[in-house]
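Student: Can you read through this structure? Questions will come right after.
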Amino acid sequence: MLNIGYCLSALLLAVSVSADTPANCSYEEIRGVWEFSESVRTANRSEKCDLTVKLVDKIRIELQYPNTAVDHLGNRGTWTLIYNQGFEVIINDRKYFAFSDYKQVGTKVTSICNQTSAGWSHDVLGNN
């Protein structure tokens with residue numbers, strides 16, 4: 001997957017091809033209020049999105065039925081589930097994407113649908 005150079009982390013606050021992950025999260029498990037934490041916006045596409053990245057900005061977005069996204073300022077956009085493995089939100093001229101989190105011990109996989117792994121964010125033109 002292309003590293004957009006802007007890290008994103010999301011955590012649920014309330015309500016709750018070969019790159020497949022073993023996460024298995026349903027629409028109802030994703031729908032709800034999420035807080036996205038972002039790193040500094042840069043045009044540098046080589047940024048590593050790991051636990052060492054400093055997160056400096058937060059945005060709260062509610063994912064509503066059927067596909068409406070509303071941020072804490074009242075901006076409206078859309079969201080979509082990406083199969084059962086992640087989701088994308090387009091709001092206020094920005095795109096956010098993250099895979100649903102999971103843990104695996106041996107062959108046992110547990111989906112953690114109220115969290116995501118590090119994701120990507122950029123403006124709708126693919127910059128910053």
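The values are calculated or read from the model by the stated rules, or taken from the named source; none is laboratory data. The model shown is predicted, which means the values in this text are computed figures rather than measured ones. Every residue, glycine among them, receives a Cβ derived from its backbone with ideal geometry; neighbour counts consider all protein chains shown. Only protein heavy atoms, including side chains, enter the accessible area calculation; ligands, DNA and RNA are left aside. Shrake-Rupley method; radii C 1.70, N 1.55, O 1.52, S 1.80 Å.
Student: Select, from TRP79, TRP120, the only residue that is touching a Gly at 6+ places or on another chain (Cβ under 9 Å), within 22 Å of ARG41 (Cα to Cα) and crowded, with 17+ Cβ neighbours inside 10 Å. Please lay out each step first, then the result.
Tutor: Numbers: TRP79 fails: touching a Gly at 6+ places or on another chain (Cβ under 9 Å).
Answer to the selection: TRP120.
Student: Mind checking which residues of the stretch 98-117 are within 18 Å of LEU63 (Cβ to Cβ), in a strand (DSSP E or B) and open to solvent by 30 Å² or more (accessible area, probe 1.4 Å)?
Tutor: PHE99, ASP101, SER111, ILE112, ASN114, GLN115
Student: Restricting attention to the stretch 72-112, which residues are among the charged types (D, E, K, R) and either in contact with a Phe, Trp or Tyr (Cβ under 9 Å, 6 or more places away or on another chain) or closer than 22 Å to ASN24 by Cα (or both)? Before you say what the answer is, go through the steps one by one.
Tutor: Initial filter on the stretch 72-112 (among the charged types (D, E, K, R)): 76, 88, 93-95, 101, 103, 108.
Hits for the stretch 72-112 are GLU88, LYS95, ASP101, LYS103, LYS108.
Student: Based on this model, can you work out whether LYS95 counts as in contact with a strand residue (DSSP E or B) (Cβ under 8 Å, 6 or more places away or on another chain), open to solvent by 70 Å² or more (accessible area, probe 1.4 Å) and either outside any loop (DSSP other than H, G, I, E, B) or modelled with pLDDT of 95 or more (or both)?
Tutor: Working: in contact with a strand residue (DSSP E or B) (Cβ under 8 Å, 6 or more places away or on another chain): yes; open to solvent by 70 Å² or more (accessible area, probe 1.4 Å): no; either outside any loop (DSSP other than H, G, I, E, B) or modelled with pLDDT of 95 or more (or both): yes.
Against the criterion (in contact with a strand residue (DSSP E or B) (Cβ under 8 Å, 6 or more places away or on another chain), open to solvent by 70 Å² or more (accessible area, probe 1.4 Å) and either outside any loop (DSSP other than H, G, I, E, B) or modelled with pLDDT of 95 or more (or both)), LYS95 does not qualify.
Student: For VAL70, all conditions in the list (1) over 20 Å from SER117 (Cβ atoms); (2) not in a strand (DSSP E or B) hold save one; what is the number of the exception?
Tutor: Condition not satisfied by VAL70: (2).
Student: Could you tell me whether LYS108 is in contact with a strand residue (DSSP E or B) (Cβ under 8 Å, 6 or more places away or on another chain) and either farther than 15 Å from VAL33 by Cα or of a type in the set (Lys, Arg) (or both)?
Tutor: Details: in contact with a strand residue (DSSP E or B) (Cβ under 8 Å, 6 or more places away or on another chain): no; either farther than 15 Å from VAL33 by Cα or of a type in the set (Lys, Arg) (or both): yes.
When the stated conditions are applied, LYS108 does not pass them.
Student: Within the stretch 107-114, does at least one residue satisfy the condition of being of a type in the set (A, V, I, L, M, F, W, C) and touching a Cys at 6+ places or on another chain (Cβ under 6 Å)?
Tutor: Within the stretch 107-114, the first condition is being of a type in the set (A, V, I, L, M, F, W, C), and the residues that meet it are 109, 112-113.
Subset that is touching a Cys at 6+ places or on another chain (Cβ under 6 Å): 113.
The answer is yes; a qualifying residue exists.
Student: Same structure again: Just give me the residues in the stretch 27-41 being part of a helix (DSSP H, G or I) and of a type outside the set (Asp, Glu), in sequence order. Lay out the reasoning, then the answer.
Tutor: First, the residues of the stretch 27-41 that are part of a helix (DSSP H, G or I): 27-30.
Once the filter is applied, which keeps residues that are part of a helix (DSSP H, G or I) and of a type outside the set (Asp, Glu), the stretch 27-41 yields TYR27, ILE30.
Student: Only one residue in ASN24, ASN44 is in contact with a Cys (Cβ under 9 Å, 6 or more places away or on another chain), part of a loop (DSSP other than H, G, I, E, B) and open to solvent by 50 Å² or more (accessible area, probe 1.4 Å). Which one?
Tutor: Details: ASN44 fails: in contact with a Cys (Cβ under 9 Å, 6 or more places away or on another chain).
When all the criteria are applied, what remains is ASN24.
Student: Scanning for something modelled with pLDDT of 95 or more and under 14 Å from the mean Cα position of the chain (by Cα), does the stretch 44-60 turn up at least one residue? Full working, then the answer.
Tutor: Taking the stretch 44-60 first, the residues modelled with pLDDT of 95 or more are 60.
Within this subset, residues satisfying the condition of being under 14 Å from the mean Cα position of the chain (by Cα) are 60.
Looking for residues that are modelled with pLDDT of 95 or more and under 14 Å from the mean Cα position of the chain (by Cα), one finds at least one in the stretch 44-60, hence yes.
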